[in-house]
Amino acid sequence: MDKRLLLGNEAVARGIYEAGCALVSSYPGTPSTEITEFAVKQEGVYAEWAPNEKVAVEVAYGACVAGVRAFSGMKHVGLNVAADPVFTAAYTGVGGGLVIAVADDPGMHSSQNEQDSRHYANASKIPMLEPSDSQECKDFTKLAFTLSEQFDTPVFVRLTTRVSHSQSVVSLSDPEPMTNKGFAKNPAKYVMVPANARLRHALVEQHMQALTTWAEKTEINRIVAGSSKIGVIAAGIAYQTAREALGDQATYLKLGMVHPLPMDIITKFASQVDTLYILEELDDVIETHCRKLGIPCQGKQLFSVEGEYSAEKIRHVILGTDMPKTTPHAVPNRPPVLCPGCPHRGAFHVLNKMKLTVSGDIGCYTLGAAPPLSAMDLTLCMGASISALHGILKADPTMASRTVAVIGDSTFLHSGMTGLLNIVYNQSHATVLILDNAITGMTGHQQNPATGLTLGMMPAPIVDLEQLCRALGVANVVVVDPHDMTALEQSLTEQLAIQAPSVIIARRPCVLLPTVPKQKPMLVGDSCKNCNACMRIGCPAMQTGERRIAIDPTLCTGCGLCQRLCRFGALGGQTV
């Protein structure tokens, strides 16, 4: 049997392949992105990036109704975007199996909130599996397709950052043959007008009851024997952390299905241990279920609803002892920053210089909020920068001359277009700055409809952002190079003075793209006065010194922004 060391996300992709899944449609979002990037490499699997998660789920749903197995992957906040089709797909059921992977981010390593997606499983009445390592990522993905078809429902696979991005050994199997059941006309099943939906809701409840019965018998909900003095119920990464902390000093009920939760097995397990602990990161989903069953247990009164759990914390709380000590290495704080040469840096320097109020969005450019650029005043969710700007200006029209929205090209196509249409339709004198870096940058250079390539690197039509904005009704559309800070400042001044909607497209490709030529690194001359004016752009290649600024040539891309800020001609791009 072939064994490989796989990332959790890669193992999900392998499960997609082994399950005979034919179609994958997703939107990139850390920590889920690699699932789809690995899926496109699997033989026979069609995989694509959709413009957003709602579209991705609808594409996968259409494919499953047409009779093939289909998959959609996203991060937890992406599930918010996809919620509309997800909830109703629970009513219609499926043709071929439909699996939706959602990757939560306890600790908010790369996210704007810490929501617990298990609530979506409960609210939508969709079963949810939660793997705890890469082997289970593969196996549970395959099982999810089986359950989907067996119980006529979409199935969630819930991941977390530590499971998605850790590696463990996976035993591979031969793939099941891809099958196509074909599209079966059935309006009563698939057309969710109220009369049909009422009947389908009754079936959903029947399916959930049958799944609860299944949860009592399945091997993915299993007891791992140890000392009966301490009992632990856990799922996913919390199970692995508990095992590391407690070892054989506890016995465990490891849950692989976290919705619906079993009743009999939990009740029986609780009766066999002296003290029961519920270990689950984020919310008290399992604990609440146990308390509803009248089971005494310890949970959130001892452990936080915030962030990740550590083995040290679990051991200290439950056993009153500490883990073996290791000598920690002092690690300096390294907050995320825009890369050296990032095309967004000049734009945020100008916004800061002009002292504008900035409605921000989700992407690399969110880092424009950090010092010393400090040029972002609010960030809510994908696409909200434009809609929020409209609300700001309706509340106080006098802010139109000093307030802008900032959004990236991929995010604009994800969910910014409707906000811009709303500005035109409801007539705000709003200025929107689209930072076009020719790629989806923050999640690792994924293609999008404006890049000219598909996920599979096939040529695709390129969305013309200028024409698109004009088609949405914006008459004033200009394009500038964000490295030309003088031109950008002039454009902002002109557009903010116009009593009409306007769009400025700040266009320069991401410096990390392989097609972007790299310039020679900048050098610091003797004329440097150490005034630190060039430090205002927050470039990580630049360092302060006792007598003059220093530039790390291994980081510097030679973009020249620092040179434009130097009044003494101390910075140059010539090598020696």
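The values are calculated or read from the model by the stated rules, or taken from the named source; none is laboratory data. Worth saying up front: this structure is predicted, and the values here are computed from it rather than measured. FYI the Cβ positions are ideal-geometry reconstructions off the backbone, even for glycines, and counts take in every protein chain you see. Surface areas here come from the heavy atoms of the whole protein model, side chains and all, with no ligands, DNA or RNA. Shrake-Rupley method; radii C 1.70, N 1.55, O 1.52, S 1.80 Å.
Structure data summary
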{"item": "1.4 Å probe accessible area per residue over segment 97-140, in Å²", "result": "25"}
{"item": "Share antiparallel - DSSP beta bridges, segment 187-296, percent rounded to 5", "result": "25"}
{"item": "Sequence-distant residues sharing a close amide H with VAL479 (under 5 Å, placed H)", "result": "ILE505"}
{"item": "Summed residue charge, Cβ within 15 Å of LEU555's Cβ, Lys/Arg positive, Asp/Glu negative", "result": "+3"}
{"item": "Solvent-accessible area per residue, Å², over segment 1-92 with all protein chains present [probe radius 1.4 Å]", "result": "30"}
{"item": "Interchain or long-range residues, amide H under 5 Å from ASP484's placed H", "result": "none"}
{"item": "Gain in span if fully extended, GLN249 to HIS201, counting 0.36 nm per residue against the direct Cα distance", "result": "12.8 nm"}
{"item": "Segment 120-263: antiparallel DSSP beta bridges as a percent of all, rounded to 5", "result": "40"}
{"item": "Computed helical MRE - 222 nm, the chain, DSSP H runs ≥ 4 contributing -39500 (n - 2.57), nearest 500", "result": "-10000 deg cm²/dmol"}
{"item": "Cα centroid of segment 507-540 to Cα centroid of segment 436-479, whole Å", "result": "26"}
{"item": "Among beta bridges that DSSP assigns inside the chain, antiparallel share in %, nearest 5", "result": "25"}
{"item": "Estimated vicinal HN-Hα couplings, Hz - segment 306-320 in sequence order (Karplus 6.51, -1.76, 1.60; Gly, Pro = x)", "result": "10, x, 8, 8, 10, 4, 4, 5, 4, 5, 5, 6, 8, 9, x"}
{"item": "Inverse mean reciprocal Cα-Cα distance (Kirkwood Rh) of the chain, Å", "result": "26.1"}
{"item": "Whole-percent carbon and sulfur share, accessible surface of the chain, 1.4 Å", "result": "55"}
{"item": "Under Karplus coefficients 6.51, -1.76 and 1.60, residue-wise ³J(HN,Hα) of segment 230-236 in Hz, glycine/proline x", "result": "10, x, 10, 10, 8, 9, x"}
{"item": "From phi via Karplus (6.51, -1.76, 1.60), per-residue ³J(HN,Hα) for segment 500-512 in Hz, x at Gly/Pro", "result": "6, x, 8, 10, 10, 9, 8, 10, 7, x, 3, 5, 7"}
{"item": "Heavy-atom accessible area per residue - segment 453-519, 1.4 Å, Å²", "result": "53"}
{"item": "Candidates per trypsin sites (Lys or Arg not before Pro) in segment 267-369, loop by DSSP, up to 10 other Cβ within 10 Å", "result": "LYS325, LYS355"}
{"item": "Length gained when the stretch ALA210-THR454 is fully extended (0.36 nm per residue, less Cα-Cα span)", "result": "83.8 nm"}
{"item": "Probe 1.4 Å - accessible area at MET442, Å² to nearest ten", "result": "100"}
